[in-house]
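This report concerns only the one structure given below.
The values are calculated or read from the model by the stated rules, or taken from the named source; none is laboratory data. In this text, all values refer to a predicted model and were calculated from it rather than measured experimentally. Cβ coordinates were reconstructed from backbone atoms using ideal geometry, including for glycine residues, and neighbour counts include every protein chain displayed. These area figures cover heavy atoms from the full protein model, side chains too; ligands, DNA and RNA do not enter into them. Shrake-Rupley method; radii C 1.70, N 1.55, O 1.52, S 1.80 Å.
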Amino acid sequence: MKGDKLKEQDPCPPPPIQGLMKGDKREEQGLGPEPEVPQQPTEEEEALIEFHRSYRELFQFFCNNTTIHGAIRLVCSKHNRMKTAFWAVLWLCTFGMMYWQFALMFEEYFSYPVSLNINLNSDKLVFPAVTVCTLNPYRYNEIKSELEELDHITEQTLFDLYKYKFNTRLASPRGRRDLGGTLPHPLQRLRVLPQPQPHKARRARGATSSMRDNNPQVDRKDWKIGFQLCNQNKSDCFYQTYSSGVDAVREWYRFHYINILSRLPDTSPSLQEEALGNFIFTCRFNQASCNQANYSHFHHPMYGNCYTFNNKNNSNLWMSSMPGINNGLSLTLRTEQKDFIPLLSTVTGARVMVHGQDEPAFMDDGGFNLRPGVETSISMRKEALDRLGGNYGDCTENGSDVPVKNLYPSKYSQQVCIHSCFQESMIKECGCAYIFYPKPKDVEYCDYRKYSAWGYCYYKLLGAFSTDSLGCFTKCRKPCSVTNYKLSAGYSRWPSVKSQDWIFQMLSLQNNYPINNRRSGVAKLNVFFKELNYKTNSESPSVTMVTLLSNLGSQWSLWFGSSVLSVVEMAELIFDLLVITFLMLLRRFRSRYWSPGRGARSAREVASTPPSSLPSRFCPHPTSPSLPQPGPTPSSALTAPPPAYATLGPCPSPLSSAGASSSACALGEL
């Protein structure tokens, strides 16, 4: 019947009109056309935001629509389980291999590797600074008497230990007992108990040894030469010993010489330089004579008067536009030892060092000696190194981030930092400064007359410095930009036998050079660029962000043949998985509050609620074609849990005020 068809089509029929019996047909009453019921959205219609109902549906949609190669095979071969399993395993293995390659690429990127780029350039070059020292420590007038007393004590000590007498100058007729009390830390010969040896070895040694005990050999193990050092309260003492008597005497003399030298005031008039002509006979650069503006002077405690040519204070730095020996620096040096201190310096000649304009001359670290009577030709080649700092390397730009104060009036270098670090430790631990390094203001140089235990502190500190216990080598990082000069030297006899007569005659007339010294008192030095091509070594990142993205894209294309949009699809898949998981957890959480007992009570509450109190836009969906009979007792269908919000549909508006007596729709299927 027509009425029955209407009941089947309309999930929520309008309430009966007042005065009609339940089950009567509206068409028979002639009450007019039915009110239109809003259509429910069908499954084919799309919403603004839509999520899949299950993981299976999500993966099926992804495999059918993704641009990643191989994913569609998981759906096309679903009727063949073997193929499906094969393609699933292959797809997962490919996916794992790709991300393994990704991990290797990210590991390489975050290791910050660098590449070394070598460039060859050719241009005019700034000539480096050249420092030359006399190898003759100067005897200052203010301390000359103290140095003479030290010489006398040293001569007497050598006689007591080795029965040796100086031929040039003998000590005054004072015994060792009278002189020993004038200087602390006397030099002593210490006997070491011999290790137990077999009887045959002792007999062989006694047969072959012909040296007396007061004249020991270097390879003897039962003696040592040294001097004692103690702390301030004499509670701890040790012997600074040496197996070689020459080294022991030189170090002991040097220790006392430092103490005497530290008593000189900074403004001593004896610190003025001697005449340049007394040490350097001739000086030429690029075939032009040098003048006083081309050099500066300083005094080294061990190497005497030193002269630096072409330093940073020079107004016009020397430039080299041509390589070769005729386009560099040429010096003729006087190497005779005037007022020589034989116990302090045991070599003759001169000491030279090539360095940058902004770098101090560390003659102990980078210098080398010139031999008298020899022409030394030093060819140079410039090399520059630019390191990467930050994450790529442990270097510093200007030393401002290094926790060591620069005590030198020059730019930062690793040697400058290391020496400054040792001087800081010396001042902190010993209370005074070491004379070989610059000192801060208001700090005195070490002298055992004022600081009696500074020698004990110094040698202890020197041992800790050698093992890097002070941390100076760790604190002082390498500079990011370094300029080095690779040197190669050649030697030849100068002057030759045929030319020495007239050369020495000219030197004696012009420079007051004594002819009787001949070859032992003169040397020649040539410093020049071997070539104007210089090498620049610069570091650059091996893997940049652009390189990383390129490699990642190459790997993605290799394993899946995809693009950036495929990555977005993968991100969308992960997002959908998270949303579906969240909705499923939310549904399970809400289901805990809909127990069967609570659902029955809610159903009864809904059944007993007057229809007028229900929302006008929603009504329950019926579960059977027939409407329930009115009465106080609810039907058995109302014992099910209350419906979810999705089972509520819009209800048609009542035709009259008689809707108050209409019955609610039955519960729909779950």
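Worth pointing out:
- Scope segment 351-368; condition over 18 Å from Y303 (Cα atoms) and surrounded by fewer than 17 Cβ atoms within 10 Å (Cβ to Cβ); matching residues: D358
- The condition of being small (G, A, S), at pLDDT 80 or above and more than 30 Å from the chain's Cα centre (by Cα) holds for only one of S520, S481, S496, S466, that being S496.
- Residue that is surrounded by fewer than 21 Cβ atoms within 10 Å (Cβ to Cβ), touching a residue at least 60 places away in the same chain (Cβ under 8 Å) and over 43 Å from the mean Cα position of the chain (by Cα), where the choices are T335, T348: T348
- Test result for F51, modelled with pLDDT of 70 or more and part of a helix (DSSP H, G or I): no
- Filter pass, S413 being open to solvent by less than 40 Å² (accessible area, probe 1.4 Å), without any contact (Cβ under 8 Å) to a residue 40 or more places away in the chain and closer than 16 Å to C476 by Cβ: no
- Once segment 308-327 is narrowed to residues that are of a type in the set (G, A, S) and under 39 Å from the mean Cα position of the chain (by Cα), the residue that is modelled with the lowest pLDDT is S315.
- Restricting segment 295-308 to residues that are among the hydrophobic types (A, V, I, L, M, F, W, C) and either touching a helix residue (DSSP H, G or I) at 6+ places or on another chain (Cβ under 8 Å) or in a loop (DSSP other than H, G, I, E, B) (or both), the residue that is least open to solvent (accessible area, probe 1.4 Å): C306
- Number of the condition not met by V114 [criteria: (1) modelled with pLDDT of 80 or more; (2) farther than 30 Å from S542 by Cα; (3) surrounded by 12 or more Cβ atoms within 10 Å (Cβ to Cβ)]: (2)
- No other residue among R387, R371 is open to solvent by 30 Å² or more (accessible area, probe 1.4 Å) and within 30 Å of T335 (Cα to Cα) apart from R371.
- The condition (being open to solvent by less than 60 Å² (accessible area, probe 1.4 Å), outside any helix (DSSP H, G or I) and out of contact with any helix residue (DSSP H, G or I) (no Cβ under 9 Å at 6 or more places or on another chain)) is satisfied by just one residue among L487, L525: L525.
- When restricted to residues that are in a strand (DSSP E or B), open to solvent by 10 Å² or more (accessible area, probe 1.4 Å) and under 18 Å from Q357 (Cα atoms), segment 309-332 contains 1.
- Among the residues of segment 534-584, those identified as within 30 Å of L487 (Cβ to Cβ) and either exposed (fewer than 13 other Cβ atoms within 10 Å of the Cβ) or among the aromatic types (F, W, Y) (or both) are Y534, S540.
- Which numbered condition S400 fails, given (1) in a helix (DSSP H, G or I); (2) open to solvent by 30 Å² or more (accessible area, probe 1.4 Å): (1)
- Listed conditions (1) surrounded by fewer than 18 Cβ atoms within 10 Å (Cβ to Cβ); (2) in contact (Cβ under 8 Å) with a residue 12 or more places away in the chain; (3) not β-branched (V, I, T) are all met by E148, apart from (2).
- Filtering segment 248-292 to residues that are among the β-branched types (V, I, T) and modelled with pLDDT of 75 or more leaves V249, I258, I260, I280, T282.
- Unmet requirement for D394, which otherwise passes all of (1) buried (at least 17 other Cβ atoms within 10 Å of the Cβ); (2) closer than 23 Å to N484 by Cβ: (1)
- For segment 359-405, the set of residues classified as touching a Cys at 6+ places or on another chain (Cβ under 8 Å) and among the basic types (K, R) consists of R387 only.
- With respect to the conditions (1) over 28 Å from H185 (Cα atoms); (2) modelled with pLDDT of 85 or more, H300 lacks only one, and its number is (1).
- Looking across segment 420-459, the residues that are in a helix (DSSP H, G or I) and without any contact (Cβ under 8 Å) to a residue 24 or more places away in the chain come down to S420, Q423, E424, I427, K428.
- Test set (1) on the phi > 0 side of the Ramachandran plot; (2) in contact with a helix residue (DSSP H, G or I) (Cβ under 7 Å, 6 or more places away or on another chain) - G431 fails condition number: (2)
- Within segment 560-576, residues that are under 21 Å from F51 (Cβ atoms) have Cβ atoms under 6 Å from residues that are assigned to a helix (DSSP H, G or I) in these pairs: L573/F62; D576/L58, counting only partners at least 6 apart in sequence or on another chain.
- Failed item, numbered, when A453 is tested on (1) within 17 Å of I418 (Cα to Cα); (2) of a type in the set (G, A, S); (3) surrounded by 13 or more Cβ atoms within 10 Å (Cβ to Cβ): (1)
- Of all residues in segment 59-102, those satisfying the criterion of being out of contact with any Phe, Trp or Tyr (no Cβ under 8 Å at 6 or more places or on another chain), in a loop (DSSP other than H, G, I, E, B) and open to solvent by less than 90 Å² (accessible area, probe 1.4 Å) are T66, T67, I72, N80.
- Residue in segment 124-140 that is in contact with a Pro (Cβ under 8 Å, 6 or more places away or on another chain) and either in a helix (DSSP H, G or I) or surrounded by 19 or more Cβ atoms within 10 Å (Cβ to Cβ) (or both) present: yes
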